[in-house]
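S.K.: The structure's right below; bear with me while I get my questions together.
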Amino acid sequence: YEEERNALGAYDISDVVYHIWSALKVSPYKGTPIHSILVDETQDFTQAELRLLIHVCKDKNDMFFSGDTCQTIASGVGFR
């Protein structure tokens with residue numbers, strides 16, 4: 001997969017998350033403030049995706065995550 005993706009010059013969601021995270025380490029988020037976050041189907045997010053959401057949310061006490069460990073469909077996601 002990795003070789004094929006690189007040969008095509010393609011990227012996947014993990015690449016996008018890594019790129020955004022790397023950019024945020026150099027320069028803080030300057031977009032519209034995100035005061036709260038509501039996430040459904042949390043079990044299908046990777047830990048990196050969730051960490052990115054937590055990082056950009058201004059009020060860490062105004063976040064709600066909902067998920068069901070019996071419905072995990074994404075491979076490589078360790079929700080449990």
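The values are calculated or read from the model by the stated rules, or taken from the named source; none is laboratory data. Because the structure is predicted, anything quoted here is derived from the model rather than measured. Every residue, glycine among them, receives a Cβ derived from its backbone with ideal geometry; neighbour counts consider all protein chains shown. For accessibility, only protein heavy atoms count, side chains too; no ligands or nucleic acids. Shrake-Rupley method; radii C 1.70, N 1.55, O 1.52, S 1.80 Å.
S.K.: State which residue is surrounded by the fewest Cβ atoms within 10 Å (Cβ to Cβ) when the search covers only region 2-32 and only residues that are part of a helix (DSSP H, G or I) and among the basic types (Lys, Arg).
M.R.: Top of the filtered list is LYS25.
S.K.: Restricting the first residue to region 52-80 and requiring it to be in a helix (DSSP H, G or I) and modelled with pLDDT of 90 or more, which pairs with a second residue that is open to solvent by less than 70 Å² (accessible area, probe 1.4 Å) and acidic (Asp, Glu) meet a Cβ separation below 7 Å and a spacing of at least six or different chains?
M.R.: Between residues of region 52-80 that are in a helix (DSSP H, G or I) and modelled with pLDDT of 90 or more and residues that are open to solvent by less than 70 Å² (accessible area, probe 1.4 Å) and acidic (Asp, Glu), there is no close pair.
S.K.: Restricting the first residue to region 12-30 and requiring it to be among the hydrophobic types (A, V, I, L, M, F, W, C), which pairs with a second residue that is open to solvent by 70 Å² or more (accessible area, probe 1.4 Å) meet a Cβ separation below 7 Å and a spacing of at least six or different chains?
M.R.: Hits for this filter: LEU24/HIS55.
S.K.: OK, next. If a residue must be open to solvent by 50 Å² or more (accessible area, probe 1.4 Å) and either farther than 21 Å from SER66 by Cα or not in a loop (DSSP other than H, G, I, E, B) (or both), how many such residues does region 33-43 contain?
M.R.: Restricting attention to region 33-43, the residues satisfying the condition of being open to solvent by 50 Å² or more (accessible area, probe 1.4 Å) are 33-36, 38, 40-41.
If we keep only those that are either farther than 21 Å from SER66 by Cα or not in a loop (DSSP other than H, G, I, E, B) (or both) too, we end up with 33-34, 38.
Qualifying residue count, region 33-43: 3.
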